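The values are calculated or read from the model by the stated rules, or taken from the named source; none is laboratory data. Worth saying up front: this structure is predicted, and the values here are computed from it rather than measured. Methodologically, a virtual Cβ is constructed for each residue, glycine included, from the backbone with ideal geometry; neighbour enumeration extends over all protein chains shown.
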């Protein structure tokens, strides 16, 4: 399953780089640039550490310790399909939002405006929603319930990030308050 994930991850990564290179061609700062504030740096470090820790725990659990109960292969493949859909949601969000940034929470870019097309038509933070789904589906697709611990921590950090980001956008981005009245949910349709 790890080899399947690695091949898929590399394919999606290449697609994301192409999408982002297209965005950067427009002169708008995007994903991958250095964080602009202390809070952004903290977030970036948590994210950059949590992802490999999740993979390490999954690999150690499955390969060495075998602590997790056996997860049926069909469940793992369903989680892989959910993982693919989550990557698709993140890529769709990136492709629709020229201001998309993986590092900046507190930054409003010069000339930034509200994006309401694509997945932003039904969720205010679809990229974060996709990353939350990914953080939960990945450990199960590998067959490691123990890896849900760092994955769950990553979910928590994405929820906090979304709340902070949304508050800043409500306060500082023209038109975002009206947009938030039209698109009511941040991460989960019908709930929050």
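Before moving on, here are some points about what is shown:
- The single residue among 122, 60, 77 that is under 16 Å from residue 162 (Cα atoms) and surrounded by fewer than 18 Cβ atoms within 10 Å (Cβ to Cβ) turns out to be 122.
- The residue that is farthest from residue 129 (Cα to Cα), counting only those in region 170-183 that are surrounded by 13 or more Cβ atoms within 10 Å (Cβ to Cβ) and out of contact with any helix residue (DSSP H, G or I) (no Cβ under 8 Å at 6 or more places or on another chain), is 173.
- Verdict on residue 48 being closer than 21 Å to residue 11 by Cα, at pLDDT below 85 and surrounded by fewer than 17 Cβ atoms within 10 Å (Cβ to Cβ): yes
- Checked against (1) within 15 Å of residue 186 (Cα to Cα); (2) free of Cβ contacts under 8 Å to residues at least 60 places away in the same chain, residue 152 passes all but a single condition, namely (1).
- Condition met for residue 82 (in contact (Cβ under 8 Å) with a residue 40 or more places away in the chain, under 21 Å from residue 10 (Cβ atoms) and assigned to a helix (DSSP H, G or I)): yes
- Qualifying position, being more than 19 Å from residue 58 (Cβ to Cβ) and either assigned to a helix (DSSP H, G or I) or without any contact (Cβ under 8 Å) to a residue 60 or more places away in the chain (or both), among 164, 136: 164
- The lone exception for residue 69 - which of (1) more than 30 Å from residue 168 (Cβ to Cβ); (2) part of a loop (DSSP other than H, G, I, E, B); (3) free of Cβ contacts under 8 Å to residues at least 12 places away in the same chain it fails: (3)
- Cβ pairs under 8 Å, 6+ apart, first in region 169-192 and at positive phi, second surrounded by 11 or more Cβ atoms within 10 Å (Cβ to Cβ): 175/113; 175/114
- Residue in region 146-158 that is part of a loop (DSSP other than H, G, I, E, B) and under 20 Å from the mean Cα position of the chain (by Cα) present: yes
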